[in-house]
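Notes to accompany the following structure.
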Amino acid sequence: MSNLPPTSSEFAYETAYAEALEAALAGQPALPSFFESWEADAWPPAADLIRLHTRLLQGRNDVAQERAASFLAEVLAQYDARYAALREDFASLERLTSVGTWKYDVQRQYLSWSDRALADLGMSREETVTDINLGIAHFVHPDDRERVAATYARTVAEGAEFFQEFRLLHPTQGVRHRQCRGEARRDAAGQVMQVFMVSRDVTEDVAYREHIRLLEAVLDNIHDVVLVTEAEPIDPPGPRILYVNRAFEQMTGYTALEAIGQTPRMLQGPETSAEARARIRQALQNWQSITIELINYRKDGRPFWVELAIVPIADTTGHYTHWVAVQRDVTERRRVEAQQRQRSRLESVGQLSAGIAHNFNNLLAIIQGYGEMLRRDVAHSPQLLRRLESILRAGRRGSELVQELMVFSRQRDGQPQILDVCRAAQEVLDMARRLLPAEIEVDDLSLASLTGESLSAHLDASRFSQALLNLILNARDAMPTGGHLTVTVGQQTVTNALTQLTARVVYAHPPEPGDYVFVKVSDTGVGMDAETQQRIFEPFFTTKEVGRGTGLGLATVYGFVGESRGFITVDSAPRKGTTIGLFFPLVQGTPAAEEVSGEVKLLSALLPADATALIVEDEAELGAFLSETLSDMGFKTVHHVQDGAEAIPLTERLGSPLALVVTDRSLPHVTGPQIIAELANRGLCERFLLISGLPGQEDLPELPPGVRLGRLQKPFSVKQLYQAVQGLFRPTGAPS
């Protein structure tokens, strides 16, 4: 026993044993009370018990000694029974887990094996190998011996955990695979005294892993996408993706981690056929295979046509458990056209400065925000209200112009809408004037063949602007020494475009009879011969010198007009200039106007009682507007800093987490995303609104669970700001 003072538990077992011994000496045998528990630490060590027994019998007579000996024998029999039970439990544990154990005594250099371990190795007890080096040499495959021996030596020398998977030479079963784990046991001085090991056969696991590796290698080296999903649900959101091969990543741009857990609907978009989706749904509901072609979308938003084959997979009972989809890209031409559209857009707006767009958006946000707030104050005066509405309309128009430029810079497609072609053409012409040399005379926008009604078409505004700008820039390049440029907008009823129009007609779809709105760009440049006219819409065809043209501009225009169900006219001759017209089906209606309201509703029901917000905005007036608006929403305290580097120290000084942080993306010294990541990871705020006036968007680092992040593009209205903040505090799943 140790020299330390006895603990209360030691006094307890001594008392219990003394009481039981005295009862036995009195002829009333009873085992000590600590035997009633089978907990590992409830029984004292047998050696300590024997020493206590000897001490308690000092000075007793022979009769007492004889009775005490019988009592001690019964006590030790309990220990024997417990030891036998533990051995049986250990054997059951090995048998149930298919694990063998062995132990190596470092001092004695003796290796001992459990019965299960001997059986796994094909050895009998008489054939036991007790030397560790002989064991490695006898059982471990020659190519693995050096690695296993080195790892074991490190375990003995340093006490490092032992883990190895190696090939075993079984006397009757040949080469098997085993996985072995071990730990060192040290004495009080920290010296390794024993190494205890557990080992199990992993031959089937290795074979399965090799089988899976082979299947993955096959799937990852084919060009078709292979996608596996759950069998259900059929209804939205649909079955989740469980597996995608490497071709999926290459074709869609999504990584496997981004796709797994989502549904195949993540690849669908606005041009994905509703009819195709309905046919797929019907096949899935009936557990039928289907092969179909439809438009999917890459991660960057580009569409591509695929041939999609979907097959249900059943288990051995016939129950359907999964769907397997094989997807093949069948439209290289469409893929090239999408790339052309992106590259042409970059060429058209390469001179746009993102910094100017950012500063302009800041100014527009101030004008629009305070204008909407002022609208409440002048509602009693019709004259002041009319003047203010003019200011707000001008601000919104400026916002629309900047948004069109941002669409170009972001390489992001907009959405078709009812577009006032006259107004849109005027805006492009105004912008293009700054790109044209002084030697080129530009007429004001010419209007022809008008009926008195507005000229509207269902078009994507940004792509229309891009197409028209391409035509204007091509006209500029056709007049290197100067000339005359005219842009004309008009309306024309077309019955048969091929016979009615004198110019050459180019189309992707045969023009249907009806009313069309057209925009024509005419120049007095070098013109084109018939052969050149036949090729100008081909991808990569260009008449410009090397380094100036990509041959993608007119190909992009052709694709846009075709998708818009329109057609193109070309009228040109060498040294007589060129006129190219874009015709689009005329639609009735006017663009929808945005509702403007300066009203701000209280968010008190959603906010903490002492809600504190922080605004990080380098534009002082915009920061003041945001502070006032958040206060109107119900925030008790609103702080504003202009330098991003001040945000973190201020938050630390406040001493409690913030309810909301509103930050600009582009700031001095520290960016908005950096502020968000720092505050979120330190638990100083869980709700963030990132506002930006730049035409790009950088990715944020991964944020902790529970953190909410909203984004708002400058310039924004009071209503948009309110909705963005409300969305951050609305409970998950609550209706908007």
P(r) of the range 127-281 in 5 Å steps, Cα pairs, percent per bin?
2, 7, 11, 13, 11, 8, 7, 8, 8, 8, 7, 5, 3, 2, 1, 0
Let me know the Rg and Dmax you get for the range 413-587 when you use only its Cα atoms, in Å.
15.2, 46
Relative contact order (percent, whole number), the range 229-319, Cα cutoff 8 Å, 6+ residue spacing:
22 percent
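Sort Cys180, Cys422 so that the residue with the fewest other Cβ atoms within 10 Å of its own Cβ comes first and the one with the most comes last. Before the final figure, lay out the partial values.
On the way: Cys180 21, Cys422 18.
The most exposed by this proxy come first: Cys422, Cys180.
Classify the range 604-682 from the C-alpha gyration tensor, please: rounded if a/c falls under 1.5, else prolate or oblate depending on whether a/b exceeds b/c. Each step should come with its number before you reach the end.
Working: a/c = 2.03, a/b = 1.26, b/c = 1.61.
In terms of gyration-tensor shape, oblate.
Please list, by residue number, every one of the chymotrypsin sites (Phe, Trp or Tyr not before Pro) in the range 69-126 that is coil in DSSP and has at most 16 other beta-carbon atoms within 10 Å.
Values: sites: Phe71, Tyr79, Tyr83, Phe90, Trp102, Tyr104, Tyr110, Trp113; in loops: none.
Nothing satisfies the criteria.
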How big is D for the range 661-720, in µm² s⁻¹ as a whole number, if Stokes-Einstein is applied with the Kirkwood radius of its Cα pairs at 10 °C and 1.306 mPa s?
133 µm²/s
Sequence ranges 115-124, 558-567, 59-68, ranked by mean other-Cβ count within 10 angstrom, highest first:
558-567, 115-124, 59-68
Between rounded, prolate and oblate, where does the range 206-323 land on the alpha carbon gyration tensor, with a ≥ b ≥ c its root eigenvalues, rounded for a/c under 1.5, else prolate if a/b exceeds b/c?
oblate
Roughly speaking, what % of Cα-Cα pairs in the range 98-207 are separated by over 18 Å, rounded to a whole number?
46 percent
Using 1/(1 + (r/R0)^6) with R0 = 35 angstrom and r between the beta carbons of Leu134 and Asp187, what's the FRET efficiency to the nearest 0.05?
0.85
Three principal axis extents, largest first, for the C-alpha atoms of the range 8-94, in Å?
49, 28, 21
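Assign one of three labels to the range 474-536, namely rounded, prolate or oblate, based on the Cα gyration tensor with a ≥ b ≥ c the square roots of its eigenvalues; rounded applies when a/c is under 1.5, prolate when it is not and a/b is larger than b/c, and oblate otherwise. Intermediate values should be presented prior to the final figure.
Working: a/c = 2.97, a/b = 1.63, b/c = 1.82.
Note, shape of the range 474-536 comes out oblate.
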List, in order, the whole-Hz ³J(HN,Hα) value for each residue of the range 232-242 obtained from phi through the Karplus relation with A = 6.51, B = -1.76, C = 1.60 and θ = phi - 60°; use x for Gly and Pro.
9, x, 7, 6, x, x, x, x, 7, 6, 10
Neighbouring Cβ atoms within 10 Å as the yardstick, rank His319, His223 fewest first.
His319, His223
Once both labels are modelled 7 Å past Cα along the beta-carbon direction, what's the Gln383-Tyr79 spacing in nm?
11.1 nm
Of the peptides 646-654, 496-504, how do they stack up when ordered by the mean number of other Cβ atoms within 10 Å, highest first?
646-654, 496-504
Cβ density ranking, 10 Å radius, fewest first, applied to Lys636, Lys719, Lys714 yields Lys636, Lys719, Lys714
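Computed from the coordinates by the stated procedures, all read-outs in this text should not be read as laboratory data. Just so it is clear, the model here is predicted, and its values are computed rather than measured. Cβ coordinates were reconstructed from backbone atoms using ideal geometry, including for glycine residues, and neighbour counts include every protein chain displayed.
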